[in-house]
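The values are calculated or read from the model by the stated rules, or taken from the named source; none is laboratory data. Quick caveat: nothing in here was measured; it's all calculated off a predicted structure. Here the Cβ is made from the backbone with ideal geometry for all residues, glycine too, and neighbour counts use every protein chain on show.
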Amino acid sequence: MKIKAGDTVEVIAGNDKGTRGTVRVAIPKEKRVIVSGVKLIKKAQRRTANMRTEPGIVQLEAPVNVSNVMLVCPHCDKPTRVGTQETESGRVRVCRKCHEVID
């Protein structure tokens, strides 16, 4: 998966199209990412047995499919596809628009 935790991404499809956020969690097995401030859902939460959590409605961020987000290049500040390039230190991610190294 070419998107990692900590990357800035822009949503390109769905109700939150056009919004930018930071990837909090990447889930490679499911090809999904959790982006801060995107795809907010409300979930009813019960009180636990030892009353650690407050009951009520909680707002959470749901996972988004990787195909619906695009990495934002830190150099040109545009959504871009990600390429790879071999260097002496190993493989690095490269912006397809400005050809700058992302990692």
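Annotations for the structure displayed:
- Residues of the range 57-77 satisfying the condition of being part of a strand (DSSP E or B) and exposed (fewer than 11 other Cβ atoms within 10 Å of the Cβ): ILE57, GLN59
- GLU30 vs. criteria of a type outside the set (Ser, Thr, Tyr) and more than 15 Å from the chain's Cα centre (by Cα): no
- Annotation: of all residues in the range 41-56 being surrounded by 11 or more Cβ atoms within 10 Å (Cβ to Cβ) and touching an Asp or Glu at 6+ places or on another chain (Cβ under 8 Å), the one that is modelled with the highest pLDDT is GLN45.
- Contact map, the range 1-25: residues that are within 10 Å of PRO79 (Cα to Cα) paired with residues that are assigned to a loop (DSSP other than H, G, I, E, B) and among the β-branched types (Val, Ile, Thr), Cβ distance under 7 Å, separation 6+ or inter-chain. Pairs shown: VAL9/ILE3; VAL11/THR19; VAL11/VAL38.
- Out of THR53, THR80, THR19, THR8, sole residue that is over 19 Å from the mean Cα position of the chain (by Cα), on the phi < 0 side of the Ramachandran plot and β-branched (Val, Ile, Thr): THR53
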